[in-house]
Structure formats: C-alpha cells, structure tokens
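Structure, as structure tokens:
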Amino acid sequence: MSKKKFTYKTSGVDINTTSRLVKYISNLSNKTKIKGSTIKSFKNIGGFGSLFDLSQYKIKNPVLVSATDGVGTKLELANITKKYDTIGIDLVAMCVNDLIVQGAKPLFFLDYIAIGKVVPTKYKSILKGIAKGCEISKCYLAGGETAEMPGIYSKDGFDLAGFSVGVTDKKRILKSQQIKKGDTILAIPSSGVHSNGFSLVRKILKEKKINFLDAPISGGPEGAKSASLAIMVGGDNEIFDRVKDILKTMGNPTLVGPAGSGQVAKLCNQIIVGVTIGAVAEAIILCEKVGANPENFIKAVAGGFADSKILQNHGSRMIEKDFAPRGKSITHLKDMNNILKCAEDVSVNLPISKLIQSMYQSIVDRGLGNDDHSALYKEILEKNKK
C-alpha cells in the first residue's frame, strides 16, 4: 500500500512562491525607510516582528497613536478592472489618515493580505501600491503577513487590512473638545472616490444600470476629423455590443479583452508609435547624410512593407524641421514610463522600449518636452555630435 504524501502544496498553499517574494518585498520596504526605521544588525522583513527606534524623534512626552482599516468592497472593482496597483495606496491612506486627524506623524505600516492563490504579478502590484502609499505618507513599510487560503477565498478573491502607528507629543493631541464655534474648516479636493462607501457606489451602478468600458483612441487630429480613429475597447462583450454603433461614428472600435485591456492596447500602440518614429528618424537622417533625397525616399517606399502613416506624416515633419506639437514628447515619455511599469508588473523585459524611453527622457531633460514626438530626430542628431 502506497503512502500518500501530504504537503502544503497539495493542500493548495505554495509556500515556496511567497518565500521567493521576500526579496521583492524587502526592496520595496527599503525604499520607504525613514528616521528610526533602521536598527543595526537587524532585518525587519523576514523576521517575526519589526523594530522601530522612537528615540530618534526627541519628543518630550511621546504618545503612540495606532489605527487599523481596510478598503472594503472597492476590492471588487479592482478585480473587475484587473487593476491592483492603486488599491494598496488606498489601504495606507485609510490608516494613516486616522493618525493625522489626531495630530500624529505616521511612523510605520504593516499589511495583511488574505488571498485564495498567490499569483506573483497580481501580488506584486498590490504590494507596489502599498509601498507607494507609504512613500507618499512618509511612513515606513515595516512588514506584513500573507495568508494563502484556498479554502476560504476563491482563486481571484482576496482581502486587505492595514495597521499603522504614529507618534505625537502629549500636548499636541487633537481632541474633539478643542473644536469650537468660529473655527475655520479647510476643504481639500478629492482625486476621486477613495475607499469609504463603495457598497453604496456599487449599488448605485447596479440599480441605475451604469456600465463602463475603457476605450482609448489613436489616430490624432487627422483621425478625429476623418472619423477613422483606432478605438481599443476593454470591457464586457454585451456592453460593447450596445455602444458599438456610437463608437463607429468616431472610427473603428475593437473589443480587445476585459476591462483594462483597452488601456493595455493603447500602451502597446504607443510602443509601435515610439519605435517607428525612431526608425523613421534614423532613415531620414541617413538619407540626408549620404546625399539621398529623403522626400523621394518616402515616395519610393510608398506601398511597400516599410510604408506607414508615421513615415508619411512624421517623416515629412522631420524633413521640414517642423516640430510644432501634435503629440508632445513629454506625453510620449509618460506613455513609455507607463509601458515599462506595465511590463515590470508582469515580469516582461522590453529592451527596445527602454531605449526609446531613455531617448524621450533625454529630450525632456534638454528642455524640448513640448516639441512634437517626432523630435526623436533631434535626439538622434544630438547623439551623432558626440
């Protein structure tokens, strides 16, 4: 009779996956270090507990303030849109805001992630958002706990909780009794709906039958005028079918996948645009340097495999040295940064995109960010001076 081997992995928990992610978490934590977060000869990440040196703050009568919170049903929207890199920012904000209103400076933060299955790309995105939230609030990511629970959560299901600690002087604690008639109220604009009230938000969307698609476009002013825009749509097929005829009045709508896919398609579009502009710039410069007529070159390849709208439009601009902005270089730099971030989230290396990003970064650094993105021509000429 054979003996059945029982392991964590056979039960649905892969401890090796989470162990391999410790270094990634440690690197994120190191980026959030503040005064008091480093203890000589001690590592907070990977240990049983985290240490923090409060003595460095020289507070006469220190009082610790603690808070814990989650992000509620906004998690459902993260799952629907497949966007996980901002939910962690909300988690940190929900906790540290409760410290600030009592007059405390946030010191450190710990997270708890309960998840059905640890998928590295999704998990890294969540953690990256948490680390970003800590950086924004100048709060140290001291550690956390991940619980892989296939019997409790579905494969895609997860929950987040956060815990934060801050410090204030006893005399500076903000109390409700201090608020009195005649006090000034400062209103701070919100960047959007954050984490409170999402059960109500989701109910309103459902009851009012409000649906959404992400549908970025490509084609520029010429495409808009001729109603020939490329429209990359992400979302539900049924919703897309309902609005397809409306989108057709602007161009060619295509459903590329679930919600969020439209944005990814737009980033892929910008990879092709950036790389092609660079290739056109090199071709035009080479023609000019060897004495070939670049205008006739464009005519010569028309209709061939090398022909494109980018060659026809941007090539002509480069020849005419017309860099008035239609699409700004600084905007394309933002796109390239988002492309590399998206690729990093799924552990994909894009060496050509990195090169194009570095060239647009150089353009912006030289004060030419408002030039058209065909200014890659200028950047290549600049490199030939060296």
**Fill in**
Residue hits (region 362-385; surrounded by fewer than 17 Cβ atoms within 10 Å (Cβ to Cβ) and farther than 24 Å from LEU311 by Cβ) are ASP365, ARG366, GLY367, LYS385
**Request:** Mind counting the residues in region 134-144 that are in a loop (DSSP other than H, G, I, E, B) and surrounded by 15 or more Cβ atoms within 10 Å (Cβ to Cβ)?
**Result:** 2
**Item:** Any hit, region 163-172, residues being modelled with pLDDT under 85, in a helix (DSSP H, G or I) and surrounded by fewer than 18 Cβ atoms within 10 Å (Cβ to Cβ)
**Value:** no
**Asked** Looking at region 1-119, what helices (runs of 4 or more DSSP H) fall wholly within it and have at least 1 residues that are closer than 30 Å to LYS203 by Cα and touching a residue at least 12 places away in the same chain (Cβ under 8 Å)?
**Response** 74-81, 87-100
**Asked** Of all residues in region 31-50, which are surrounded by 15 or more Cβ atoms within 10 Å (Cβ to Cβ) and either out of contact with any strand residue (DSSP E or B) (no Cβ under 9 Å at 6 or more places or on another chain) or closer than 16 Å to LEU107 by Cβ (or both)?
**Response** THR32, ILE34, GLY36, SER37, THR38, ASN44, SER50
**Extreme residue, modelled with the lowest pLDDT, among residues of region 94-114 that are among the hydrophobic types (A, V, I, L, M, F, W, C) and surrounded by fewer than 19 Cβ atoms within 10 Å (Cβ to Cβ)** = VAL101
**Message:** Restricting to region 336-386, count the residues that are of a type in the set (S, T, N, Q) and more than 13 Å from LEU267 (Cβ to Cβ).
**Reply:** 8
**Message:** Give me the residue from region 201-241 that is touching a residue at least 40 places away in the same chain (Cβ under 8 Å) and either in contact with a Ser or Thr (Cβ under 6 Å, 6 or more places away or on another chain) or not aliphatic (A, V, I, L, M) (or both) and, out of that set, nearest to GLU76 (Cα to Cα).
**Reply:** ARG202
**Request:** For residues that are of a type outside the set (Phe, Trp, Tyr), within 25 Å of the chain's Cα centre (by Cα) and in a helix (DSSP H, G or I), tally how many sit in region 193-216.
**Result:** 4
**Prompt:** Which of the residues spanning region 290-315 are over 19 Å from VAL275 (Cβ atoms) and either surrounded by fewer than 16 Cβ atoms within 10 Å (Cβ to Cβ) or in contact with a Ser or Thr (Cβ under 7 Å, 6 or more places away or on another chain) (or both)?
**Reply:** VAL290, GLY291, ALA292, ASN293, GLU295, ASN296, LYS299, ALA300, ALA302, GLY303
**Message:** Just to be sure before I move on: is GLY251 of a type outside the set (A, V, I, L, M, F, W, C), loosely packed, with under 15 Cβ neighbours inside 10 Å and at positive phi in the structure I sent?
**Reply:** no
**Message:** Is it the case, given these coordinates, that SER137 is of a type in the set (Ser, Thr, Tyr), modelled with pLDDT under 90 and in the same structural domain as GLU76 (by TED's automatic domain parsing)?
**Reply:** no
**Asked** Mind checking whether some residue in region 145-154 is modelled with pLDDT of 85 or more, closer than 23 Å to VAL63 by Cβ and in a loop (DSSP other than H, G, I, E, B)?
**Response** no
**Complete:** Per the filter on region 40-56, residues more than 19 Å from VAL22 (Cβ to Cβ) and among the basic types (Lys, Arg) are LYS40
**Item:** Subset of region 254-268 (residues that are on the phi > 0 side of the Ramachandran plot and part of a helix (DSSP H, G or I))
**Value:** none
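The values are calculated or read from the model by the stated rules, or taken from the named source; none is laboratory data. Quantities reported herein were computed from a predicted structural model and do not represent experimental measurements. Cβ: placed from backbone, ideal geometry, glycine included. Neighbour counts: every protein chain shown.
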